[in-house]
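**Student:** Before I ask anything, let me first share the structure, which is written out below as structure tokens.
Just so it is clear, none of the values below were taken in a lab; they were calculated from the coordinates. Keep in mind that this is a model prediction, so the values were computed, not measured. Here Cβ is always computed from backbone atoms with ideal geometry, including for glycine, and neighbour counts include all displayed protein chains.
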């Protein structure tokens, strides 16, 4: 049976391990010790002075909390992830241990009413300031990682708010559910720009895409490098010559899904077997054929690659079961982007195989949306459109900071590909005790957590990140 019967706590005998009573302690305890690392990281990347510069006019008087203090507590609220309801701020306001964890005087903790008043004051034009923060953070990461090629994704993300009472902007989306449908630009694991939109705005609504692309390309060329190859990936919802012309005029490469019209299917069906190539990706084999195609409304032809899978999970697909795809691109057509890629030894990106592989990698762009929803919440808390827009952008900035924090501080304890739920359970949800002695405040955690997380190394990393002002 194992063990000494006398040491068994369940045999009815008195044991020193049995808890006899409960009581209250005045010690400052926390179950979110990892938030201290996040707060230190935010402070040391010098984010708060930039937020103060952009948003200080929101504060109409000296009363109330500073704008930077409000943003800090909002980012911690999102990183914590315990609750998605704003009333949770009222519970946190009573928790002295939480206040000390995020390095805030307990008197300065904000209530849910303060949060609502803050977002009420952020009218729609303030979203442009939020976008400035996102693009500034993007430039910061570019200077840190120094990518040879910048691959951006553009897509919409449906935020289902079907259960909500009447809310401005909640409209039926293409998924047949009511909600919002913002336009987002992604780079690697980050969302670097966005436009908050009602649910009925389709992918290529108005001139949103054109304006977003022009703004981002100008920023990259000026702040990072004038000749870095930029490639933008889009799905068939953006299949429009107007967008192609804008990208071509900006010397930007594009890879865009097209629409399978009947005349394209007929053309492909007439091609002999010698025209086809094959491309293998893990357990999937693709057949492809490329040609120049010009739609009736176009003034020029463009490179098209038609491809279809032959195997799925090791099984050959019958013709009627093959999900065909057509991709349009300006890569490999002698553009400036081509010249830059060849100069950098990346000629393979101009081949049909390289283009197909890059287009299939769009799945990674869509995973960013899933990671954002895991970090935040697609159900927004306000009835007014401008308030939800401001909260949405706060969530985007918080998500960007979470991804940077995960990479700069938490790796390799947590993989950079991990979702927020994993990071919270491993890093944030750590028990700690905060003590003040000899004019020094110390956070104490258990030895087991200290060793398992290599906590001191993360503490050192959070103290010495590369700040925004140095990039």
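**Student:** Would you mind ranking 353, 141, 117 by Cβ crowding within 10 Å, fewest neighbours first? Kindly include the intermediate steps, with their values, before the conclusion.
**Tutor:** Working: 353 18, 141 21, 117 13.
By the 10 Å Cβ count, ascending: 117, 353, 141.
**Student:** What does the helix-only formula give at 222 nm for the chain: each DSSP H stretch with n ≥ 4 adding -39500 (n - 2.57), the total divided by the residues, and the result rounded to the nearest 500 deg cm²/dmol? Write out the running numbers ahead of the final one.
**Tutor:** On the way: 17 runs with 177 residues, N = 471.
Helix contribution divided over all residues of the chain: -11000 deg cm²/dmol.
**Student:** Size of the range 42-111 along its principal axes in angstrom, Cα-based, largest extent first?
**Tutor:** 30, 27, 22
**Student:** Another question, if that's okay. Could you work out the Kirkwood radius for the range 330-450, taking every pair of different alpha carbons, averaging 1/r and inverting it, reported in Å? Kindly include the intermediate steps, with their values, before the conclusion.
**Tutor:** On the way: mean 1/r = 0.0532 Å⁻¹.
Mean inverse Cα-Cα distance, inverted, gives 18.8 Å.
**Student:** Additional query: For the range 125-375, what is the Kirkwood hydrodynamic radius in Å, using each pair of distinct C-alpha atoms? Before the final figure, lay out the partial values.
**Tutor:** On the way: mean 1/r = 0.0510 Å⁻¹.
About 19.6 Å, per the Kirkwood formula over Cα pairs.
**Student:** Using Cα atoms only, what is the angle between the long axis of helix 362-375 and the major principal axis of the chain, expressed in degrees (0 to 90) to the nearest 10?
**Tutor:** Between the helix axis and the principal axis of the chain, the angle is about 20 degrees.
**Student:** Angle, helix 385-405 long axis vs. longest principal axis of the chain, Cα atoms, 0 to 90°, nearest 10?
**Tutor:** 80
**Student:** Counting other beta carbons within 10 Å of each Cβ, put 201, 94 in order, fewest first. Display every interim value, and only then the final one.
**Tutor:** On the way: 201 20, 94 10.
Arranged by neighbour count, lowest to highest, 201, 94 become 94, 201.
**Student:** Just to confirm my numbers, what's the Cα centroid distance between the range 69-138 and the range 350-387 in Å?
**Tutor:** Cα centroid to Cα centroid, the span is 24 Å.
**Student:** Taking Cα atoms, how many degrees apart are the long axis of helix 34-44 and the longest axis of the chain, rounded to 10 and kept between 0 and 90?
**Tutor:** 70
**Student:** Please work out the Kirkwood hydrodynamic radius for the chain, using every pair of different C-alpha atoms, and report it in angstroms with one decimal place.
**Tutor:** Details: mean 1/r = 0.0395 Å⁻¹.
For the chain, inverting the mean 1/r across all distinct Cα pairs yields 25.3 Å.
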